[in-house]
Amino acid sequence: MKAAFITQYGSDSKITLGDLPTPAYLSTQVLIKVSAAGVNPVDFHVRNGTLADSNTHTLPLILGWDAAGIIAHVGDDVDHLKVGDEVFVFSPIAQQGTYAEFLAVDANLVAIKPTALSMTESAGVPLAALTALQGLMAGQLKKDQSVLILGGSGGVGGFAIQIAKSIGAHVITTASAKNEEYVKSLGADEVIDYKSVEFDDVVKNIDVVFVTANGNDVVARSLQITKKGGYVVSTLDDIDTSVAEASGVNFSRMWVHPNSSHLEEIRELIDNKKIIVKIDSVYPLAQANDAVLKSESNRAVGKIIINME
């Protein structure tokens, strides 16, 4: 099968386009003919060698862990999916990835894709939307509460805005001035231009802060503007537990986990027009390297997709 993969780690490593064996699938798995793969920051972090010393992967390594496609084969012990089903999935990062014509993955992680979306759009959903949903769940966000989403124009932040609005929260987010209208179109009630204003100078007494940006002591600063007993959830930077405890705020450094039931919740929100998917750019498989470099540039607004077809 055609695949885009790395043969060594490093920021200067090029992604190779070549042929690899079609993966075998177990009795509890399905084999998906991949139509499109989503590109996420974890892809370039893995390429750069973040997990190189952990023995998580073997080389050559296919990058990408988001996919949408059609089930080509079903394992003998799978009874809730069938050949021909159109599906989407966040595949475990410890396994080979989705920048390939075929993906073997545990069937219990796979969900039927949203009917409202194309394959290309569906591929941009799983990892980022699951991160957003699970992050807001960790913050126990409720109707009529306030939430500050740091990094609203990114993939995770964009989904978080929409999910928070579907809950009925008052949503404040940070974005550049050029992206203000975009994040407002997603449902943001207030937008802070992070290039001209410090968020902790203009907001206070927030119920939940969801941190999808890093650097500049954003976690410690978030603790200071969160209500006592409130929640700060970070997808990136961590902080010493004692610091969070001293502030009287609940803090968690979250890790997203593949979960088909959560994907089904997201599918329902999409099909009920509570979530839209913003595509930044689409690349063919042969230009997977360019797609990952675009992600690494941190200039994407919305999702970057690799199309297989």
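Read-outs: derived from the displayed coordinates by stated rules, not from any lab. Quick caveat: nothing in here was measured; it's all calculated off a predicted structure. Every residue, glycine as well, gets a Cβ built from its backbone with ideal geometry; the counts of neighbours run over all protein chains shown.
Highest average first, the peptides 9-17, 214-222 ordered by how many other beta carbon atoms sit within 10 Å of their residues are 214-222, 9-17. Using the Cβ-Cβ distance between Asp189 and Gln224 with R0 set to 22 Å, the FRET efficiency works out to roughly 0.55. Karplus-derived 3J(HN,Hα) values for region 68-76, using 6.51 cos²θ - 1.76 cosθ + 1.60 with θ = phi - 60°, are 10, x, 10, 5, 9, 8, 10, x, 4 Hz; glycine and proline are entered as x. Taking mean projected area of the Cα convex hull in nm² as calculated from this structure, the corresponding entry among [x] 19.3; [y] 17.5; [z] 15.5 is [z]. Scalar couplings 3J(HN,Hα) for region 143-158, obtained by applying the Karplus form with A = 6.51, B = -1.76, C = 1.60 to θ = phi - 60°, are 4, 6, 7, 9, 9, 9, 10, 8, x, x, 8, x, x, 5, x, x Hz; x denotes Gly and Pro. This model, with +1 at the C-beta of Lys and Arg and -1 at the C-beta of Asp and Glu, gives the chain a dipole about its Cα centre of some 440 debye. In order along region 197-214, the Karplus-derived 3J(HN,Hα) couplings, from 6.51 cos²θ - 1.76 cosθ + 1.60 at θ = phi - 60°, round to 9, 7, 4, 7, 8, 10, 10, 7, 6, 7, 6, 9, 10, 10, 9, 10, 10, 9 Hz, and Gly and Pro are given as x.
For region 128-253, what is the per residue volume of the convex hull drawn over the alpha-carbon atoms, in cubic angstrom?
Given the Cα convex hull of region 128-253, per-residue volume reads 84 Å³.
Spin-label pair Thr50-Ser252: with each label point 7 Å from Cα along the Cα-Cβ axis, the two points sit 1.9 nm from one another. Each peptide among 230-243, 27-40 gets the average number of other Cβ atoms lying within 10 Å of its residues, and from highest to lowest they stand as 27-40, 230-243.
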